[in-house]
Amino acid sequence: MKCRKCREKAVINMRQHKLALCKPHYLEWFVEQTERFIKKYKMFTRDERVLVAVSGGKDSLALWDVLLKLGYQADGFYLRLGIDGGIRYSDESYEKIKTFVAEHPGTQLHVVDAKEMYGESIPEVAQRSRRGRGKPCSVCGLIKRHEMNRIAHDLGYPVLATGHNLDDEAAVLFSNTLHWQVGYLARQYPVLPEGNGFARKVKPFCRFYERETAAYALLAGIDYMYEECPYSEGANTIYYKELLNKLEAERPGAKLHFYLSFLRAKDKEGLFANWEEKKVELHACERCGQPTSAPGLCAFCRLWPEDVLNKPSEAFVPLTLIGGLKTEPSEENATTS
Amino acid sequence: MSEQEKVKVVLRRQEWEVEPGMTAKQLLQHLGLNPQSYLVTVNGELVSEDTRLQPGDFVRLVAVISGGRG
């Protein structure tokens with residue numbers, strides 16, 4: 001198989017685009033396409049600071065890498081979950097991210113360690129709070145969302161970027177359609193506008209297949225975490241992705257068509273245009289100020305005992321790594337020069 | 001006559017040895033894996049699905065699906 005651009009040996013064939021490319025042309029294409037999606041969906045500009053939520057996996061590290069190559073002001077945010085699962089999952093993930101930061105001088109990584117900051121790892125707080133039927137995933141999602149919003153707000157990032165790819169989006173779309181979750185379908189889009197104290201949320205990789213983001217990470221030499229979170233075994237998302245890949249193997253382009261047709265129906269044909277979200281009166285959480293549907297504490301703040309909530313605000317300042325050098329929170333603005 | 005060198009294949013903690021000669025796509029199908037869900041590297045380099053495996057090649061399969069509980 002030959003590269004369409006130079007006729008050298010191709011390393012990847014994207015059947016949905018009828019496009020095979022060699023390594024240099026694939027890396028070039030991937031970066032150009034990311035820029036195209038950022039502009040098409042008006043995600044952010046080069047004047048805006050972008051906080052990239054990183055997990056140590058292929059998608060988030062590839063996204064951070066591409067945004068830096070494109071010259072965006074992109075810094076990272078990492079939540080240390082404290083998950084071991086016999087594979088030192090969180091420790092290994094953190095090592096991968098620190099390696100990435102060390103290789104990109106001048107970037108900043110803001111780290112929230114759940115155990116250090118709140119006294120418990122994610123599995124521990126899930127067990128104590130008895131949320132999630134024995135799995136920490138719902139608590140993990142709640143804490144991740146809260147902390148991403150908090151750090152973006154407190155450190156002045158108007159944009160929060162995640163590495164969601166087309167397979168993620170198609171799986172969510174499939175799930176929400178199976179269950180006719182109209183509210184979720186109405187909100188699903190590559191950009192969620194800012195508001196209610198939340199940063200704008202963007203998904204610059206939303207039109208890449210998952211195998212394309214993995215291929216980019218491999219070809220760009222990004223050392224990412226291959227192992228999955230031990231709690232993801234049996235996850236609905238993975239099951240739906242496998243189903244969609246079976247369809248894709250038989251019908252090249254099926255996943256892309258499914259997702260893009262949905263976006264087109266929303267943009268051009270008015271799908272959900274007259275759908276009105278039930279207006280829920282939002283209140284500011286008494287402790288953290290983030291919006292919550294009921295007066296009092298938000299779901300995140302209700303997770304923690306009083307002695308944690310009463311810690312001084314300095315205790316919740318993230319650790320910041322700059323250009324590979326570890327600094328204390330009070331030295332957050334130090335440089336490596 | 002010496003036995004032809006096989007191809008070593010690794011996916012996470014699983015290992016196989018297969019005969020050379022098949023393509024990367026045929027290897028995935030032989031192992032019951034969906035080519036949409038895996039990338040194939042041969043001797044450390046990403047290869048396209050029509051790449052034919054040679055005696056002594058070291059193949060690492062990279063699972064591309066990830067995701068939490070939805």
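Summed over segment A:1-31, the residues that are more than 10 Å from chain B (Cβ to nearest Cβ) and closer than 14 Å to residue A:220 by Cβ give a count of 7. In segment B:49-70, the residue that is farthest from the other protein chains (Cβ to nearest Cβ) out of those that are farther than 22 Å from residue B:13 by Cβ and of a type in the set (Lys, Arg) is B:52.
If you check A:158, A:193 for being free of Cβ contacts under 8 Å to residues at least 12 places away in the same chain and in contact with a strand residue (DSSP E or B) (Cβ under 7 Å, 6 or more places away or on another chain), only one passes: A:193.
Scan segment A:130-149 for residues that are away from chain B (no Cβ under 13 Å) and buried (at least 19 other Cβ atoms within 10 Å of the Cβ) and jot them down. The answer is A:146, A:147, A:148, A:149. When only residues in segment A:177-195 that are of a type in the set (S, T, N, Q) and part of a loop (DSSP other than H, G, I, E, B) count, which is farthest from the other protein chains (Cβ to nearest Cβ)? Among those that are of a type in the set (S, T, N, Q) and part of a loop (DSSP other than H, G, I, E, B), it is A:188. The set of residues in segment A:152-176 being away from chain B (no Cβ under 11 Å) and either touching a Leu at 6+ places or on another chain (Cβ under 7 Å) or not in a helix (DSSP H, G or I) (or both) consists of A:152, A:155, A:156, A:157, A:158, A:159, A:160, A:161, A:162, A:166, A:170.
Screening the candidates A:48, A:28, A:8 for the property of being within 21 Å of the chain's Cα centre (by Cα) and surrounded by fewer than 22 Cβ atoms within 10 Å (Cβ to Cβ) yields one hit, A:48. Taken together, the residues in segment A:73-103 that are in a loop (DSSP other than H, G, I, E, B) and crowded, with 23+ Cβ neighbours inside 10 Å amount to 1. Taken together, the residues in segment A:230-279 that are assigned to a loop (DSSP other than H, G, I, E, B), among the acidic types (Asp, Glu) and either in contact (Cβ under 8 Å) with a residue 40 or more places away in the chain or within 14 Å of chain B (Cβ to nearest Cβ) (or both) amount to 2.
Can you tell me which residues in segment A:213-229 are in contact with a helix residue (DSSP H, G or I) (Cβ under 7 Å, 6 or more places away or on another chain), at the interface with chain B (Cβ under 7 Å from one of its Cβ atoms) and closer than 25 Å to residue A:81 by Cβ? Those that are in contact with a helix residue (DSSP H, G or I) (Cβ under 7 Å, 6 or more places away or on another chain), at the interface with chain B (Cβ under 7 Å from one of its Cβ atoms) and closer than 25 Å to residue A:81 by Cβ: A:214, A:229. Within segment B:1-48, being in a loop (DSSP other than H, G, I, E, B), surrounded by 14 or more Cβ atoms within 10 Å (Cβ to Cβ) and within 14 Å of another protein chain (Cβ to nearest Cβ) holds for B:33, B:34, B:35, B:36, B:37, B:48. Taking first residues from segment A:101-117 that are of a type in the set (A, V, I, L, M) and partners that are surrounded by fewer than 17 Cβ atoms within 10 Å (Cβ to Cβ), the Cβ contacts under 8 Å between residues at least 6 apart in sequence or on separate chains come to A:117/A:315.
Taken together, the residues in segment A:77-107 that are in contact with a helix residue (DSSP H, G or I) (Cβ under 8 Å, 6 or more places away or on another chain) and either closer than 26 Å to residue A:322 by Cβ or among the aliphatic types (A, V, I, L, M) (or both) amount to 14.
Condition first: acidic (Asp, Glu) and touching a residue at least 12 places away in the same chain (Cβ under 8 Å). Can you find one or more residues in segment A:17-29 that meet it?
Taking every residue of segment A:17-29 in turn, none turns out to be acidic (Asp, Glu) and touching a residue at least 12 places away in the same chain (Cβ under 8 Å).
The set of residues from segment A:296-317 being β-branched (Val, Ile, Thr) and not in a loop (DSSP other than H, G, I, E, B) comprises just one member, A:308. Of the residues that make up segment A:110-120, is at least one under 19 Å from the mean Cα position of the chain (by Cα) and within 14 Å of chain B (Cβ to nearest Cβ)? Checked segment A:110-120: no residue is under 19 Å from the mean Cα position of the chain (by Cα) and within 14 Å of chain B (Cβ to nearest Cβ). The lone criterion from (1) surrounded by fewer than 19 Cβ atoms within 10 Å (Cβ to Cβ); (2) farther than 21 Å from residue A:310 by Cα left unmet by residue A:119 is number (2).
Yes/no matrix, rows are residues, columns are (1) part of a loop (DSSP other than H, G, I, E, B); (2) more than 14 Å from chain B (Cβ to nearest Cβ); (3) under 15 Å from residue A:211 (Cα atoms):
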{"position": "A:43", "(1), (2), (3)": "yes, yes, no"}
{"position": "A:50", "(1), (2), (3)": "no, yes, no"}
{"position": "A:55", "(1), (2), (3)": "yes, no, no"}
{"position": "A:60", "(1), (2), (3)": "no, no, yes"}
{"position": "A:68", "(1), (2), (3)": "no, yes, no"}
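Since every read-out is calculated from the coordinates, none of them should be taken as a lab result. Note that the structure is predicted; figures quoted are calculated from it, not measured. Positions of Cβ are generated from backbone atoms using ideal geometry, with glycine treated the same way; all protein chains shown enter the neighbour counts.
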